[in-house]
There are 2 protein chains.
Amino acid sequence: MIPTIKDVAAHAGFSIATVSRAINAPHTVNPVTLDTVRQSIDALNFRPSQLGRQLRGERTRLIGVILPTLANPVFAECLQGIDELAAAQGYRLMLMTTQYDADRERHAIETLREHRVEGLILTVADADTHPLLDELDRAGLLYVLMHNDTVRRPSVSVDNRLAAFDGVRMLIAHGHRRILMLAGTLAASDRARQRHLGYAQAMQQAGLTPAPPLEVDFNADELSPSVLAHLTSGPNRPTALFCSNDLLAMVVMRGLRRARLQIPHDMSILGFDGLAMGELLSPPLASICAPNREIGCAAWQRLLARVTGTYDTSGETSLTLTLPHSLREGATIAAISNSNEKPPAHASVSVERPFV
Amino acid sequence: MIPTIKDVAAHAGFSIATVSRAINAPHTVNPVTLDTVRQSIDALNFRPSQLGRQLRGERTRLIGVILPTLANPVFAECLQGIDELAAAQGYRLMLMTTQYDADRERHAIETLREHRVEGLILTVADADTHPLLDELDRAGLLYVLMHNDTVRRPSVSVDNRLAAFDGVRMLIAHGHRRILMLAGTLAASDRARQRHLGYAQAMQQAGLTPAPPLEVDFNADELSPSVLAHLTSGPNRPTALFCSNDLLAMVVMRGLRRARLQIPHDMSILGFDGLAMGELLSPPLASICAPNREIGCAAWQRLLARVTGTYDTSGETSLTLTLPHSLREGATIAAISNSNEKPPAHASVSVERPFV
DNA sequence: GTGAAAGCGCTAACAT
DNA sequence: ATGTTAGCGCTTTCAC
C-alpha cells in the first residue's frame, strides 16, 4: 500500500542505498541518478518512514508533553511556546493530558517512554513528592517541569511565593485589610502552596492575619451558599479576594455578580496567571502575570540543551529557572479609604482570631 | 543505554520470543517463566519500544492533529474532545499548529505522513480549494476536517450559514435594523464565508441591506480609527455587531469600551463559537454556540470508523456531519424600540445604498 | 558513484 | 511451553 524505499529503488532501477543517499545526502550521488530517483519518489508519492529511520538511528526527535488540561488557557499558552520552538527545530510533539489524575500521569509517562521520546515537558500537581519523577530519573529520561515550584528538579516557573507576596502587598497598598485567598478544589499543588505562603507573608508583614485558603468548586455554576456566606456576611467580610488562578477569578466574579455584588465596588479581585483573555474582561482582571508562553519556550530550551548535551553542568546553571512575574493592575481592584476600616483593637487578638 | 527485549531475555535466561509472549500474550507462557520474565523487566526497567512494534505490525495507533492555533480556545476545546477519546482508546496524538500558514500546513502533513499516522484530524482555512487535501486523498491517508464548512470532504461542523442566519434573525427580532458583520483580517475561510452568507440572508429576509464584512485587526490593542468611525459616527451607525467569532467579539468589546461606548446600551454584540469563557464575561457574551468538544469527539469517531474499516460506505452515511448549534442569548444584546428607528424611505434605495 | 549486507527492536510463523 | 528465524523500512559501513 504505502510505498517503501524498496519500491522507489525498483522503480528507479537503483539500489535502496542509493535512494537513501539521494534523500539524506544528495550531493554524494550523481546528479543524473539523483534526478531519476527524485522522479520515482514523486511518481510513487513516497515519503520515508520515520519508523524505519528512528529504529536505525538513535534519535527520534520526539518530545513528549504532559499537561493537566487544555481547558485552562495557561497550559495552552505554554504549549504554544513549546510548539513554536519544536516546529522551528524539527522536533515533533506527542501530547497527553491528565486531568490532574495520577493514573493518567503514570500512563502518559509510560506511553511516551515506549515511544522513545527524547525528553518530556510536563506539569504535575506536586513535583517534590511525585514518585513518577524519581522513576524518570531512574530511567534516564530527561524532563523539565513547567510551573511546578520546586528546587529539587529541573523546572521553569515563576517564584510563586514572591509573586503572590507582591500581589497581596499591592492589595494592602490599596487599603485592603481583610483579604481572603480562594483556591480551586484541586488545591494540593506545589504552586498553590507557595502562593498561599506568599499571601500569608504579605499579610503578616502588614500586621494582618492570614486565613487558610477557601476552597471553591471550579465547575459549579454558582458559588456555594457557604462560600457566599464567607464572602458577604458580617462586618468582617473580606474586601478583597486573591484567587489562586485567573479562571477561578472569573468564576468567582460571575458568582459574586449573581449575588448582586459589584466589582470592584463591593469586592476587589486579584487573579494569578495573567491570561491574555483577562485583559478583555470588563472590568479588566487584575492579575499576577506569569509569562506562560516564555515558560514554555524556556522549558523547551532547557530540555533540548540537556537532550543534545549542550547543557552546562558546571553547576553555574541551576536546576530551576525562575522567570520574572509582573503585576497587571486591572480595574477589578478598588482602593479602600482607610477611614472606612476599623482596624482590630489589638493586633495580637487579631492574630489569634482570623477574621473568617 | 535503554534496555531492549534482548537484554530482558538475557537477564531472564529465556529467548526474546518468550519475553515477547510474556508481554503480549501472558496466558501462553508458563506461570513460573512469566514471573521470571516480569522480574527481569522490572529489574531492568524495560519498556517495549513502540518503534520496533510499529515497524513490525502495520498499525501505529498514531493520529495526527493539525490546528491553526491554540490561542483561540475553540481549537483547544476541540482538541480536548479528541484527546479524551484517543486516550480512552489507546491512540496517541501528534499535534502540529499552523498559524493559518499554508507552508506550515504542508509541512505538518508531510511530517505526519512520515510518521505513518493512521489518520488526520485537521482544520484548514478553506477546505474546498485546498490542494493538500487532494494530495491526502491521493496518498490514501484518511482524514476528517473540523469546523470546515464543505460538502466535498469528510468533515464535522455546524451549519455555519444557518447558525449565522439564526443568530442575526435573533438580533433582528430584538429590533435591530442596522447590523454589521465584523471579521478578522484572516477572513478568507470557508466558515467565515458561510457565516456572512447567513447574515446576508437573514438581513434580506427582513428587508434589510447586508453589508460586506468589516475587517478588524485581531491583534491590535485598539480598534483602528477607521473601524471606530464606521461603528460610531453618523445617524446610520449600526446598533448591533455580529462578530465572526467570540475572541473577535471580546476584542471589539474592549475597543468599544475604550471609546466610551456602553454594551449593550450603545451597541449590541453577538459572537460566534460559544466559548465557555464567554459566559464568564460581564455582561455575558451572546453567542452562536458550536459544540466544540463534541465536534472533536465526532471527528475522532468518524476518523476511527474509517481507519478501522467500520465505516458505513452504504451511502447512507454522508461525507459531512452537521452538529446542531444553539443560541446563547447573553446580556450583550439589548432590545431596540422600533420607534427610535427611522427606516429608510424606500427599501429599494436602501438596497442600492448600504448604510455603511 | 553505486551496491551488498548488517542491524536497529520487535512480532509472528514455524519448529521443536 | 519455548526457541529459531525472517523481516518490517531504513541507514550505514564496507566493498567495488
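Please indicate, with yes or no, whether at least one residue in region B:43-66 is more than 9 Å from DNA strand D (Cβ to nearest atom), among the hydrophobic types (A, V, I, L, M, F, W, C) and touching a residue at least 60 places away in the same chain (Cβ under 8 Å). For region B:43-66, residues more than 9 Å from DNA strand D (Cβ to nearest atom), among the hydrophobic types (A, V, I, L, M, F, W, C) and touching a residue at least 60 places away in the same chain (Cβ under 8 Å): present.
How about region B:35-47: which of its residues are within 16 Å of B:LYS6 (Cα to Cα) and more than 14 Å from every other protein chain (Cβ to nearest Cβ)? Scanning region B:35-47 gives B:THR36, B:VAL37, B:ARG38, B:GLN39, B:SER40.
Of the residues making up region A:271-286, those that are of a type in the set (D, E, K, R) and farther than 23 Å from B:LEU261 by Cβ number 1. Taking region A:184-209 as the range and being touching a strand residue (DSSP E or B) at 6+ places or on another chain (Cβ under 8 Å) and either within 26 Å of A:ASP128 (Cβ to Cβ) or assigned to a helix (DSSP H, G or I) (or both) as the test, the residues that pass are A:GLY184, A:THR185, A:ALA187, A:ARG191, A:ALA192, A:ARG195, A:HIS196, A:TYR199, A:MET203. Residues in region B:88-135 that are among the small types (Gly, Ala, Ser) and not in a strand (DSSP E or B): B:ALA88, B:GLY90, B:ALA102, B:ALA108, B:ALA125, B:ALA127. Among the residues of region B:136-169, those that are surrounded by fewer than 21 Cβ atoms within 10 Å (Cβ to Cβ), in a helix (DSSP H, G or I) and either among the charged types (D, E, K, R) or more than 14 Å from every other protein chain (Cβ to nearest Cβ) (or both) comprise B:ASP137, B:ARG138, B:ARG161, B:LEU162, B:ASP166, B:ARG169. Of note, B:GLU118 does not satisfy the criterion of being crowded, with 22+ Cβ neighbours inside 10 Å, more than 7 Å from chain A (Cβ to nearest Cβ) and among the acidic types (Asp, Glu). Of everything listed in (1) over 26 Å from B:HIS265 (Cβ atoms); (2) free of Cβ contacts under 8 Å to residues at least 60 places away in the same chain; (3) touching a Ser or Thr at 6+ places or on another chain (Cβ under 9 Å), the single unmet condition for B:ASP190 is (2).
Could you give me the residue pairs with C-beta distances under 6 Å whose first residue belongs to region B:6-17 and is more than 14 Å from chain A (Cβ to nearest Cβ) and near DNA strand D (Cβ under 8 Å from one of its atoms), whose second residue is part of a helix (DSSP H, G or I) and among the small types (Gly, Ala, Ser) wherever it lies, and which are 6+ apart or on separate chains? Partner pairs satisfying both residue conditions: B:SER15/B:ALA9; B:ILE16/B:ALA9.
Quick grid of which residues meet (1) of a type outside the set (A, V, I, L, M); (2) modelled with pLDDT under 95:
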residue	(1), (2)
A:ALA86	no, no
A:TYR91	yes, no
A:MET94	no, no
A:ASP101	yes, yes
A:ARG104	yes, yes
A:THR111	yes, no
A:GLU118	yes, no
A:LEU122	no, no
A:THR129	yes, yes
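For A:THR123, state whether it is within 13 Å of another protein chain (Cβ to nearest Cβ) and buried (at least 19 other Cβ atoms within 10 Å of the Cβ). Judged against the criteria, A:THR123 is not a match.
Residue-level check: of (1) more than 30 Å from A:VAL144 (Cβ to Cβ); (2) among the basic types (Lys, Arg); (3) more than 12 Å from DNA strand C (Cβ to nearest atom), A:ARG61 misses just (1).
Residues are listed down the side, and each one gets a yes or a no for (1) under 25 Å from A:ILE63 (Cβ atoms); (2) at pLDDT 95 or above:
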residue	(1), (2)
A:GLY278	no, no
A:SER282	no, no
A:CYS297	yes, yes
A:TRP300	yes, yes
A:THR308	yes, no
A:ARG328	no, yes
A:ALA334	no, yes
A:SER337	no, no
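Among the residues of this structure, A:ALA43 does not count as one that is under 30 Å from B:CYS78 (Cβ atoms), aliphatic (A, V, I, L, M) and surrounded by fewer than 21 Cβ atoms within 10 Å (Cβ to Cβ). Within region A:46-58, the set of residues being surrounded by 13 or more Cβ atoms within 10 Å (Cβ to Cβ) and over 18 Å from B:LEU62 (Cβ atoms) comprises just one member, A:PHE46.
Every test in (1) in a helix (DSSP H, G or I); (2) within 9 Å of chain B (Cβ to nearest Cβ); (3) buried (at least 19 other Cβ atoms within 10 Å of the Cβ) is passed by A:VAL74 save one, and that test is (2). Applying the condition of being away from DNA strand D (no atom under 11 Å from the Cβ) and surrounded by fewer than 16 Cβ atoms within 10 Å (Cβ to Cβ) to region A:26-40 and asking which residue is nearest to B:GLY52 (Cα to Cα) yields A:PRO26. Tell me which residues, restricted to region B:82-97, are more than 10 Å from every other protein chain (Cβ to nearest Cβ) and without any contact (Cβ under 8 Å) to a residue 24 or more places away in the chain. Within region B:82-97, just B:ALA88 meets the criteria.
I'd like the residue in region A:5-24 that is surrounded by fewer than 12 Cβ atoms within 10 Å (Cβ to Cβ) and more than 9 Å from DNA strand C (Cβ to nearest atom) and, out of all such residues, is nearest to A:PHE46 (Cα to Cα). Ranking the qualifying residues of region A:5-24, first place goes to A:LYS6. Within region B:68-81, does at least one residue satisfy the condition of being of a type in the set (Val, Ile, Thr), touching a residue at least 24 places away in the same chain (Cβ under 8 Å), within 16 Å of DNA strand D (Cβ to nearest atom) and out of contact with any Lys or Arg (no Cβ under 9 Å at 6 or more places or on another chain)? The answer is no, given that none of the residues of region B:68-81 is of a type in the set (Val, Ile, Thr), touching a residue at least 24 places away in the same chain (Cβ under 8 Å), within 16 Å of DNA strand D (Cβ to nearest atom) and out of contact with any Lys or Arg (no Cβ under 9 Å at 6 or more places or on another chain). With respect to being touching a helix residue (DSSP H, G or I) at 6+ places or on another chain (Cβ under 9 Å), more than 14 Å from DNA strand C (Cβ to nearest atom), within 12 Å of another protein chain (Cβ to nearest Cβ) and of a type in the set (A, V, I, L, M, F, W, C), B:ILE2 falls outside the description.
The values are calculated or read from the model by the stated rules, or taken from the named source; none is laboratory data. Quick caveat, the model's predicted, so the values are computed rather than measured. Cβ sites come from the backbone with ideal geometry, for glycine too, and all protein chains shown count toward neighbours.
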